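Next up is a structure, given as structure tokens.
The values are calculated or read from the model by the stated rules, or taken from the named source; none is laboratory data. On a predicted model such as this, the values are computed, not experimentally measured, just so you know. Using ideal geometry, Cβ is built from the backbone for each residue, glycine included, and neighbour counts are taken over all protein chains shown. Just so you know, the surface numbers come from the protein's heavy atoms only, side chains and all, with ligands and any DNA or RNA stripped out. Shrake-Rupley method; radii C 1.70, N 1.55, O 1.52, S 1.80 Å.
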Amino acid sequence: MALELAAQPGAIAVIRPRELEVISYPYEWCFSQLRDAALLTLELQRRALGLGMRLKDASAYNIQFDRGRPILIDSLSFEVAYPAEPWPGYRQFCEHFLAPLALIAYRDARLGLLTRDFIDGVPLDLAARLLPGRTRLRPGLLAHVHLHAGAQRRGIAAGDAPEARRARRMTKLGQEALLDSLRRTVEGLRWRPRGTWIDYGTETSYTRAGAEAKRSTVERMIGAAGGRMIWDIGANVGTYSSVAAGDGRLVLAFDQDVGSVERHWQALAPEARASVLPLVMDLTNPSPSLGWALEERRSLLDRGPADVVMALALVHHLAIGNNVPLPMIAALFARLGRRAIVEFVPKDDPMTQRLLATRPDIFPGYTLDGIRAAFARSFRIVEETPIADSLRTLFLLEAR
């Protein structure tokens, strides 16, 4: 853009931000996504340092996933670097990226949700207490988490003033070494997806003919529904997300199981990531509005509605597994999307029988007629198609 448009004289370039179609947050990312965002932040700081610049902060919220890759969205984070002044984003990087990655890798993947409660990053003293003692044997984690947390405690106890912190010095070589150490520490963290839900997509009651019939029906319904933005809720490892992603559509593939989201992300080829973004989302407890006045981070509902919501092999989990009445499920789906493709899995299906095996059947309304009546309150039923060689039924719905 023309330099005359600059807000102040002396500009060397004027950039125009591009509005993103999708906004996601660190507490919705799987391990590999958070790791990719961390490595991008370090690479940007390394390049900026070589040009006499720096990132003045290292917030994970400065990163978004766009067309399958992490990008920096806060260009105002760049500033002129002062010689020998330490990187001001170091602590924030450790709290926003390194601490949650280490907790996932060494403790439990569900601890990634701590970033939802600690919107300014996981406190290092908390991370140090939660991490197992053996992490002190890892030089990077010892330095950047354990010793860093101790230094913070001592600084607070001593009343460490901002002026004193600014007076500290670190050569450019030292800063480069710090970035290299952080990079190697992040790259050294590994997490292998595990859990009972990872193989759920392959453990279905479908015969080969039934699975092919479902796929072709879903593909046809997606085409009939139209629209560009698809939300695949309960996507598991993305079997039908890839079906929805054709013809230039963009798919957000939500699942509450972190391992399934991780495997889905790892399995996507680079070109497929441009149209499918797997995210961690529990529909019974979705991402809320967070931050100042509940306006800094938008809720799932505030980021909708999608053009089409897909809920395949999901309703029985919500209705029977989580005791959510069918009319409430329908009402939520109508808020999430303008149209919906919903699969009904009856009580006689082996997958529903699994849910009923450990609890009494207190769901007399969970029938095909029951789901028709419940969803008719919020949707117009455009199409109802039994899936060949199975007991299941697919609905194409349009919100009222």
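Counting only C-alpha contacts under 8 Å and six or more residues apart, can you give the relative contact order of the chain as a whole percent?
Taking the mean separation of contacting Cα pairs over the length of the chain, I get 13 percent.
Follow-up. Please build a GNM for the chain, connecting alpha carbons under 10 Å apart, and tell me which residue among Asp117, Asp36, Asp369 fluctuates the most.
Between Asp117, Asp36, Asp369, it is Asp369 that shows the largest mean-square fluctuation.
Show which lysines lie in cross-link reach of Lys347 when reach means a straight Cα distance below 27 angstrom and same-chain residues fewer than eight apart are skipped.
Lys214
To the nearest µm²/s, what D does Stokes-Einstein give for segment 358-400 at 4 °C and 1.567 mPa s, using the Kirkwood radius over alpha carbon pairs as Rh? Please list the in-between numbers first.
On the way: Rh = 11.8 Å.
The Stokes-Einstein estimate is 110 µm²/s.
Please check: in the Gaussian network model of the chain (C-alpha springs, under 10 Å), which one of Gln353, Gln45, Gln256 has the largest mean-square fluctuation.
Result: Gln353 has the largest fluctuation of those listed.
Can you classify segment 204-267 as rounded, prolate or oblate using the Cα gyration tensor, where a ≥ b ≥ c are the square roots of its eigenvalues, rounded means a/c under 1.5, and otherwise it's prolate if a/b beats b/c and oblate if not? Before the final figure, lay out each step's value.
Numbers: a/c = 2.21, a/b = 1.11, b/c = 1.99.
Cα axes put segment 204-267 in the oblate bin.
Please work out which option in (1) 23.6; (2) 20.7; (3) 18.3 gives mean projected area of the Cα convex hull in nm² calculated from these coordinates, and answer with its label.
Label (1) holds the value from this structure.
Given only helices, namely DSSP H runs of n ≥ 4 each adding -39500 (n - 2.57), what is the per-residue ellipticity at 222 nm of the chain, to the nearest 500 deg cm²/dmol? Spell out each step's value before the answer.
On the way: 15 runs with 138 residues, N = 400.
Estimated from H runs of four or more residues: -10000 deg cm²/dmol.
Something else about it: Among the aspartates and glutamates, which fall within straight-line cross-link reach of Lys172, defined as a Cα-Cα distance under 19 Å, with same-chain neighbours fewer than 8 residues apart omitted?
Reachable aspartates and glutamates: Glu43, Asp57, Glu79, Glu85, Asp180.
Something else: Hey, what's the Kirkwood Rh for segment 238-346 if you take every pair of different alpha carbons, in angstrom? Intermediate values should be presented prior to the final figure.
Details: mean 1/r = 0.0665 Å⁻¹.
Every distinct Cα pair counted, the radius reaches 15.0 Å.
In the Gaussian network model of the chain, springs joining C-alpha atoms below 10 Å, which of Leu51, Leu124, Leu283 carries the largest mean-square fluctuation?
Leu51
Right, something else. For all pairs of alpha-carbon atoms in segment 11-155, what percent lies in each bin of width 10 Å, listed from the first bin to the last filled one?
Histogramming segment 11-155 at 10 Å steps yields 11, 39, 35, 13, 2, 0 percent.
What's the local net charge at Gly223, with K and R +1, D and E -1, over the other residues with C-beta under 14 Å away?
Around Gly223, the charge tally is +1.
Computing the accessible area with a 1.4 Å probe over protein heavy atoms, can you report the carbon and sulfur percentage for the chain? Could the numbers behind the result be given before it?
Numbers: 10680 of 19720 Å².
It is 54 percent, rounded to a whole number.
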